[in-house]
Amino acid sequence: MLAEKFRKIRGLSWRVMDGIFKNMWDYKFVPVEIIARDSGVEEHKVEKVLKSLSDEKLIELKQTEYLGGAFTFLGLSLYSLNRFVRRNVVTMLGEKMGEGKESMIYNCMSEWGEAVLKFHKVGYPSFKKVREKRDYGDLHYTVLMVRSAKNEFNALKKLYGKVSVPKPYGWEGNAVLMELIDAKELYKVKLENPKDVLNYIIEEVREMWRLGIVHGDLSQFNILVSQDGIWFIDFPQAINLNEIESDEELKMAEEILKRDLTNLVNYFKKTYRLYVDASVVVDEVLKSH
Ligand code: ATP
Ligand code: MN
C-alpha cells in the first residue's frame with residue numbers, strides 16, 4: 001500500500017515536499033510563496049500540487065489567511081522514504097511488519113541487505129519540558145515525529161557496539177533505518193533461564209547509564225529475545241545525559257531510569273516468580289555513572 005502510493009508520486013510533488021520539509025521548523029503551515037522560492041516550482045503550480053497532495057492525504061492544507069501546507073504522517077513517511085531511495089540507501093520496500101499507535105514498521109532491502117524501516121508517528125516532547133515548552137506551541141506535530149526519529153537514531157548510534165541494540169543504518173525525516181533482528185519480544189517467550197536474562201538486562205541498562213543513555217520505555221515489549229541473544233529496541237524517548245543542564249533534569253532522568261528498572265523487575269516477578277529488590281538494583285546502576 002505504501003509502495004503503491006510511493007510509485008504514484010511525480011517529480012514536481014517531491015520538489016514541493018522538499019520545500020515543505022526545509023521550512024517546517026519555521027512555519028506550522030509553509031506558505032505557497034516560501035515553497036515556490038525553495039523548490040523553484042512556480043506558485044500556481046505549487047498550489048495545484050498542494051491541492052492534489054491534499055486529496056491524496058499526504059498534505060494538510062491551511063486555507064484561511066494564506067494558502068500553506070504541512071505534512072500528514074503518511075506524506076512525511078513517503079517523503080522520508082524517498083530521501084532514502086534517492087540516496088540509494090533503500091532499494092526496495094517489503095512487507096509491513098507492524099503498525100501501532102506510535103510507529104509503522106516495514107521490512108525493506110537496503111545497502112546493507114534486509115533491514116527495518118521504522119516510521120515515527122508520535123512526537124515525544126523532550127523530557128526537559130520546562131526548557132522546551134515554549135517552542136511546542138507553534139510547531140506542526142510532524143516536526144515532533146522528526147525529532148523522535150532523530151532521537152532514536154542518535155541513541156542507537158551512541159549505544160551500538162557497546163550495548164546490544166540493532167545497528168542504526170540511517171535517519172531521514174521521521175524514518176529510522178536499522179538492522180533487522182530475528183527475535184521475539186520478551187513477553188512472547190518462555191525463558192528457561194530467567195535469572196540470567198534479568199541479570200544480563202540489568203548489566204546492559206547499567207552500561208547504557210554509563211554511556212549516558214536512559215531508555216525511558218523499557219518493558220517486556222521493547223526487548224527482543226532469541227537463541228542468539230537479547231536486544232533492546234524502541235528509543236525515541238531516550239534521554240541523553242550529556243544534554244542535561246540542571247539538577248532538576250538529572251533528577252527526572254534518574255526517576256525514569258528507576259521506572260524502567262522497576263518495570264522489568266516487576267515483569268520477572270510476575271512472570272517467573274523471581275524476586276529481586278528493585279531499589280537495590282536502581283542504586284547499583286546509579287552508582288556506576
Ligand atoms: P508500536 O506503537 O507500533 O508498538 P513502537 O513505538 O513500540 O511501535 P518499536 O517497539 O520500535 O515501536 O517496534 C514495534 C515492533 O516492531 C517491535 O515490537 C518489534 O516486534 C518490531 N521491530 C522493531 N524494530 C525491529 C528490528 N530492528 N528488528 C526486528 N523487529 C523490530
Ligand atoms: Mn515498542
query = Using a basic spin-label model with each label point 7 Å from the Cα along Cα→Cβ, how many nm lie between ARG87 and ARG210?
reply = 3.1 nm
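Rounding to the nearest 20 debye, state how big the charge dipole of the stretch 92-179 is about its Cα centre with +1 on each Lys and Arg Cβ and -1 on each Asp and Glu Cβ. Please list the in-between numbers first.
Values: 15 positive and 11 negative charges, 123 e Å.
The calculation lands at about 580 debye.
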Table column - 3J(HN,Hα) (Hz), the stretch 93-107, Karplus curve with 6.51, -1.76, 1.60, x for Gly and Pro = 8, x, 6, 6, 8, x, 8, x, 5, 10, 7, 10, 10, 10, 8
ask   = Hey, quick one: spin label on LEU250, modelled 7 Å out along Cα-Cβ, who in the stretch 210-236 has an amide N within reach, i.e. under 20 Å?
value = 210-216
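From the Cα gyration tensor of the chain, with a ≥ b ≥ c the square roots of its eigenvalues, which class applies: rounded if a/c is under 1.5, or else prolate if a/b is larger than b/c, or else oblate?
Values: a/c = 2.76, a/b = 1.76, b/c = 1.57.
Prolate is the answer for the chain, as a/c is 1.5 or above and a/b outweighs b/c.
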query = Which residue fluctuates the most in the chain, going by a Gaussian network model with Cα springs under 10 Å, if the choices are GLN237, GLN227, GLN63?
reply = GLN227
ask   = In whole percent, what relative contact order does the chain give with Cα contacts below 8 Å and a gap of six or more residues?
value = 13 percent
note = In terms of the charge dipole of the chain, which places +1 on Lys and Arg and -1 on Asp and Glu at the beta carbon, the residue among VAL265, GLN227, VAL89 farthest towards the positive end is VAL89
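Scan the chain and hand back the longest stretch that contains none of the chymotrypsin sites (Phe, Trp or Tyr not before Pro) lying in DSSP loops with at most 14 other Cβ atoms within 10 Å. Show your work: numbers first, answer last.
Numbers: sites that count: TRP25, TYR66, TRP112, TYR275.
So the longest stretch without any such site is 113-274.
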request  = Give the distance, in whole Å, between the Cα centre of the stretch 211-248 and the Cα centre of the stretch 58-111.
outcome  = 25 Å
request  = Place +1 on the Cβ of every Lys and Arg and -1 on the Cβ of every Asp and Glu in the chain, take the dipole about the Cα centre, and give the residue among PRO194, PHE153, GLY68 whose Cα lies farthest towards its positive end.
outcome  = GLY68
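So if I place +1 on the C-beta of Lys and Arg and -1 on the C-beta of Asp and Glu, and nothing else carries charge, what would the dipole magnitude of the chain be about its Cα centre? I want it in debye, nearest 20.
Working: 44 positive and 44 negative charges, 101 e Å.
Roughly 480 debye, rounded to the nearest 20.
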key: Value of [θ]222 nm, deg cm²/dmol, for the chain, DSSP H segments ≥ 4, -39500 (n - 2.57) each, nearest 500   = -15000 deg cm²/dmol
inquiry  = Once you order the gyration tensor axes a ≥ b ≥ c over the Cα atoms, which shape class does the stretch 141-289 get: rounded for a/c under 1.5, otherwise prolate or oblate by comparing a/b with b/c?
reply    = oblate
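Label the stretch 213-278 by shape, choosing from rounded, prolate and oblate, from the square roots a ≥ b ≥ c of the eigenvalues of the Cα gyration tensor; if a/c is under 1.5 it is rounded, and otherwise prolate applies when a/b is larger than b/c, oblate when it is not.
Details: a/c = 3.31, a/b = 1.56, b/c = 2.12.
Verdict is oblate for the stretch 213-278.
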remark   = Given backbone amide H placed at 1.01 Å from N, residues whose amide H is under 5 Å from that of GLU172, ignoring those fewer than 5 places away on the same chain, are LEU177
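No value in this document is a laboratory result; all are computed from the given coordinates. The structure presented is a predicted model; accordingly, all values stated were derived computationally and were not measured. Reconstructed Cβ throughout: ideal geometry from the backbone, glycine too, with neighbour counts over all protein chains shown.
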